[in-house]
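Computed from the coordinates by the stated procedures, all read-outs in this text should not be read as laboratory data. Everything numeric in this text was worked out from a predicted model, so none of it was measured. We place every Cβ from the backbone using ideal geometry, glycine too, and count neighbours over all the protein chains shown.
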Amino acid sequence: MPFYRSYDDTALAYRVLGPSSTPLVCLAGGPGRDAAYLGDLGGLDRSYRLLVPDARGTGQSPPADDPDRYSFPALAQDLESLRRELGLERFVLLAHGAAAATAQCYAAAHPGRLSRLVLVCPEGRVQAARSELPSDTLEIFESRSAEPWWPEASAAVQQLATTSDPERIRTLLAQAAPMAYARWDAPQRAHAAAAPSQDNPVPRAGFPQGVDDLARLAVLKNLREVPCPVLVVTGELDTITGVRVGELVADSFPRGEWRRLSGVGHYPWVDDPELFRAAVTSFLGAL
């Protein structure tokens, strides 16, 4: 696995997937989850050379000495160091889930460096405080009450709100795992089974640290100056971040496009690889 030197001289890891010479940098969410969960993003490595960094404290990258370096603005600085290391004048960036905040911080600070930006199932952390974001997650979750996994998942979700025991939380999260997917078949089960060993609570806790409303609004304002085309993809069955927040994120960019994918959840490349791959490659076109 190759490493690059970041702004503080820390050696951080990244993976390279695919034979193509066309680079596509891919950021994992979580936050604080090993980028291995991205896999090959539904076969995107057939068309692009996927460059997948391990954020600090995840995968093969070492933990941070300073907790502030887990914050998503600091992770955007790591991304700029990776760009410099790879010698990319401009590049395409894809980010999933929480990593959309990192990607938006990067776009706001370096608007001329991106040729395309793809945000998959974003949280909307930059757009508003969580309590102010449009949320349809409960509506989506309840619409699936006829599915066989739903009663156990619903009970687990309710208990998570009142549980602090780490071991119990892990058990409840496993019971609630089907809600993140459109189906609960073998690919989804295998993907969910890997999650406990991929999550790191330390970088997860540090991800939002030091980002107050003033800093968030500054990033949001600067997104209006990002010149590249932006695609925001949401899954119609995503009970983790929901659907409507995608429109809000897309509207933050002058060239933002929101696309709602049918029959997929929070991990669209797992639920329907061909649909996800087609949506992304169609947007990226001949780079």
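Measuring nothing but alpha carbons in segment 211-269 and taking Rh as the Kirkwood radius, the Rg to Rh ratio lands at 1.05. Placing one equal scatterer on every Cα of the chain and applying the Debye formula, the log10 ratio I(q)/I(0) at q = 0.13 Å⁻¹ is -0.87. Expressed as a whole percent, the proportion of Cα-Cα pairs in segment 40-99 lying more than 12 Å apart is 74%.
Annotation: the antiparallel percentage among DSSP beta bridges lying fully within the chain is about 25. Pairs of alpha carbons in segment 142-287 separated by more than 22 Å make up 54% of all such pairs. In segment 1-101, Rg over Rh equals 0.93, where Rg is the alpha-carbon radius of gyration and Rh the Kirkwood radius from pairwise Cα distances. The convex hull drawn around the Cα atoms of segment 68-208, when projected onto a plane and averaged over every direction, covers 10.4 nm². Taking a Cβ cut-off of under 9 Å around residue 33, the surrounding Lys, Arg, Asp and Glu residues balance to a net charge of -1, with basic ones at +1 and acidic ones at -1. If the Kirkwood radius is taken over C-alpha pairs of segment 87-154, then at 4 °C and 1.567 mPa s the Stokes-Einstein diffusion coefficient equals 90 µm²/s. Build a GNM of the chain with springs between Cα atoms under 10 Å apart, and of 105, 228, 121 the one that fluctuates most is 228.
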